[in-house]
Amino acid sequence: MRLFTALDISDDVRAALVELLGKLRPGSRFQWSPPENLHVTTKFIGDWPVERLGELCGALRGVARPGAIGIKVNGLGWHPNPHSPRVLFAGIYAGDALETLHRDTDLACGALGIPVETKAFHPHLTLARIRSLEGLVEVRRTISQLPDTVFGGFEASAFGLYESVAGPDGSEYKKLEEFPLL
């Protein structure tokens, strides 16, 4: 099983991002994220044995509950940088509560032998993976002409454990369990 933990986004934010994607997709050869797959990853777990799923869920149930986390989705960026982009993302702003959830989830998973993150946590929504630069100029032009890049906000009251299942048209994300933050 290929697993990760994440926050779901609100329907309003998803609708705003669907509208954005409709403007950016034409003419590009990017691998666009399906709207139903948009989420805020809090911990990438990777391959995990199905027979140890209960153990992992037990560890995640023990993560401290910081309360609802206010999330703002604002701005667009390129990873690793604008000159050699591999990912187009929307920015996530949530303050210390999201950082704390990430750290506590990372530590709970680390206790089970899952590697602890060594890089800084930069929450984001992956909108597209860029395997071909065809259409990049048009996407950049469209972004520069947007009146704003504020996509809304929401309160997350739970995080989920997801399985990424590879399919012929890309990955499908299945929520296996949900863990309340309140």
How large is log10 I(q)/I(0) at q = 0.12, 0.17 Å⁻¹ when the Debye formula is applied to the Cα atoms of the stretch 2-180, each weighted equally and without solvent? -0.59, -1.13
The residues ASP106, ASP96, ASP12, sorted from fewest to most surrounding Cβ atoms within 10 Å, come out as ASP96, ASP12, ASP106
Which whole-angstrom value gives the distance between the alpha carbon centres of the stretch 20-81 and the stretch 112-162? 8
What's the longest uninterrupted piece of the chain once you rule out the trypsin sites (Lys or Arg not before Pro) that are loop residues per DSSP with at most 16 other Cβ within 10 Å? 30-85
Sticking with the crude label model, points 7 Å out along Cα→Cβ, report the distance from SER10 to ALA64 in nm, one decimal please. 2.6
Could you tell me the largest-minus-smallest coordinate of the C-alpha atoms of the stretch 118-168 on each of the three principal axes, in descending order and whole angstroms? 36, 32, 28
Dipole of the chain, positive end: most advanced residue of ALA108, SER171, VAL63 [Cβ charges, Cα centre]: SER171
What is the order of SER164, SER33, fewest Cβ neighbours within 10 Å to most? SER164, SER33
Within the stretch 2-180, count lysine pairs with alpha carbon atoms under 22 angstrom apart where the residues are 8 or more positions apart or belong to different chains. 5
Contact order relative to length for the chain, counting C-alpha pairs under 8 Å separated by 6 or more residues, stands in percent at 35
Residue exposure sequence - VAL73, VAL137, VAL87 - by fewest surrounding Cβ within 10 Å: VAL137, VAL87, VAL73
Report the full-extension gain for the segment ASP47 to ALA166: residue separation times 0.36 nm, less the Cα-Cα distance, to one decimal in nm. 41.6 nm
Quick one: helix 11-24 against the long Cα principal axis of the chain, what's the angle to the nearest 10°, folded into 0 to 90? 40
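We did not get these values from a lab; they are worked out from the coordinates using the rules stated. Bear in mind the structure is a predicted one, so any value in this text is a computation, not a measurement. Here the Cβ is made from the backbone with ideal geometry for all residues, glycine too, and neighbour counts use every protein chain on show.
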